[in-house]
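Chemist: Have a look at this one.
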Amino acid sequence: MTRCEKEQTRARAEMDFEHTHANPNHDDVKSLVNELNFALSKITMDSGEGSFSSENFNPALDGCIVVYCNSTAVACGIFRHHTSTVCELKRMYSNLPSAGSYLLKQLEASAISKGYQSAILSTRRVNTQAVNFYIKNAYRESEAYGKYVGLEKSICFRKTLSN
C-alpha cells in the first residue's frame, strides 16, 4: 500500500468512528486497557495499572469513552476529577493511529460538558510516541502534580480546554 493509499484509508476510517460513554469495567474498556498494559510494559517496564482504580470512578465527575471503528473497539480513555476546574486524563489507548485524536477530542468535549476548564496528565518520558501525541494536540509540559512530583521518569502536561 502506498503512502497516499494509507492516508486515504486513515481518512476514511476517521469518518467511520463512533464513540460511547462507558464505565471502566465495560468489557471493551477492559480489553483495550489490557492491550495498553502490555504495550506500556514493553516501553516502560511498568504497565501503569497502579495509576487508576475503577472503584474510584464517579460518573458524576469522571468520564470514560470507547471509540469504535466498524463496530470494533479501537480506543479508550478516562478522565477523572482532579479539582473543580481540572480533570486528569488516564488510561488513554488507541490501537488505530487516527482513533487517538478522535478519542482525545471526545474526552475533552465530555470534560467541558462536566465543567472542567483544563486537563492534566502524566506519561513516561521514554514513551516518546505519547509525548509527541500530546504535544501535537496542544498539551504543554507543566509542573508535576500529585504522585509525579520529583519523578524524573514522568512528564506532566496541561491544556486549557475550550469549546
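The values are calculated or read from the model by the stated rules, or taken from the named source; none is laboratory data. Just so it is clear, the model here is predicted, and its values are computed rather than measured. Note: ideal-geometry Cβ built from the backbone for every residue, glycine included; neighbour counts use all protein chains shown. Accessible surface is based on the protein model in full, side chains and every heavy atom, while ligands, DNA and RNA are left aside. Shrake-Rupley method; radii C 1.70, N 1.55, O 1.52, S 1.80 Å.
Chemist: Among all residue pairs at least 6 apart or on different chains, which show Cβ distances below 9 Å where the first residue, located in region 87-104, is closer than 15 Å to Thr72 by Cβ and among the charged types (D, E, K, R) and the second is open to solvent by 10 Å² or more (accessible area, probe 1.4 Å) and not in a loop (DSSP other than H, G, I, E, B)?
Modeler: none
Chemist: Residue under question is Gly115, and the condition is that it be open to solvent by 10 Å² or more (accessible area, probe 1.4 Å) and without any contact (Cβ under 8 Å) to a residue 40 or more places away in the chain; does it hold?
Modeler: On the way: open to solvent by 10 Å² or more (accessible area, probe 1.4 Å): yes; without any contact (Cβ under 8 Å) to a residue 40 or more places away in the chain: yes.
Yes, satisfied.
Chemist: Of the residues Ser122, Ser113, only one is within 22 Å of Lys42 (Cα to Cα) and not aliphatic (A, V, I, L, M); which?
Modeler: Values: Ser113 fails: within 22 Å of Lys42 (Cα to Cα).
Exactly one of Ser122, Ser113 is within 22 Å of Lys42 (Cα to Cα) and not aliphatic (A, V, I, L, M), namely Ser122.
Chemist: Given the residues Glu35, Glu49, which is the only one that is of a type in the set (Asp, Glu) and modelled with pLDDT of 75 or more?
Modeler: Glu35
Chemist: Under 6 Å between Cβ atoms, at least 6 apart or on separate chains: pull out the pairs that start in region 56-71 with a residue that is in contact (Cβ under 8 Å) with a residue 12 or more places away in the chain and outside any loop (DSSP other than H, G, I, E, B) and end on any residue that is among the acidic types (Asp, Glu) and open to solvent by less than 80 Å² (accessible area, probe 1.4 Å).
Modeler: Correct list of pairs: Val66/Asp28; Cys69/Asp16.
Chemist: Follow-up question, since we're still on this one. With Asn137, Asn132, Asn127, Asn163 as the choices, which residue is under 15 Å from the mean Cα position of the chain (by Cα), modelled with pLDDT under 95 and not hydrophobic (A, V, I, L, M, F, W, C)? Break it down into steps so the answer makes sense when it comes.
Modeler: Numbers: Asn137 fails: modelled with pLDDT under 95; Asn132 fails: modelled with pLDDT under 95; Asn163 fails: under 15 Å from the mean Cα position of the chain (by Cα).
Selected residue: Asn127, the only one of Asn137, Asn132, Asn127, Asn163 that is under 15 Å from the mean Cα position of the chain (by Cα), modelled with pLDDT under 95 and not hydrophobic (A, V, I, L, M, F, W, C).
Chemist: Now for a separate question. Just to be sure, is Thr83 in a strand (DSSP E or B), open to solvent by 20 Å² or more (accessible area, probe 1.4 Å) and β-branched (Val, Ile, Thr)? Outline the logic, then answer.
Modeler: Details: in a strand (DSSP E or B): no; open to solvent by 20 Å² or more (accessible area, probe 1.4 Å): yes; β-branched (Val, Ile, Thr): yes.
It is false that Thr83 is in a strand (DSSP E or B), open to solvent by 20 Å² or more (accessible area, probe 1.4 Å) and β-branched (Val, Ile, Thr).
Chemist: Go through region 62-74 residue by residue and tally those that are over 12 Å from Ala22 (Cβ atoms) and buried (at least 16 other Cβ atoms within 10 Å of the Cβ). Give the derivation first.
Modeler: Just the residues of region 62-74 that are over 12 Å from Ala22 (Cβ atoms), to begin with: 69-72, 74.
Subsequent filtering for residues that are buried (at least 16 other Cβ atoms within 10 Å of the Cβ) retains 69, 74.
Number satisfying all stated conditions: 2.
Chemist: Still on this model: Out of region 118-151, which residues are open to solvent by 80 Å² or more (accessible area, probe 1.4 Å), under 19 Å from Val67 (Cβ atoms) and of a type in the set (Ser, Thr, Tyr)?
Modeler: none
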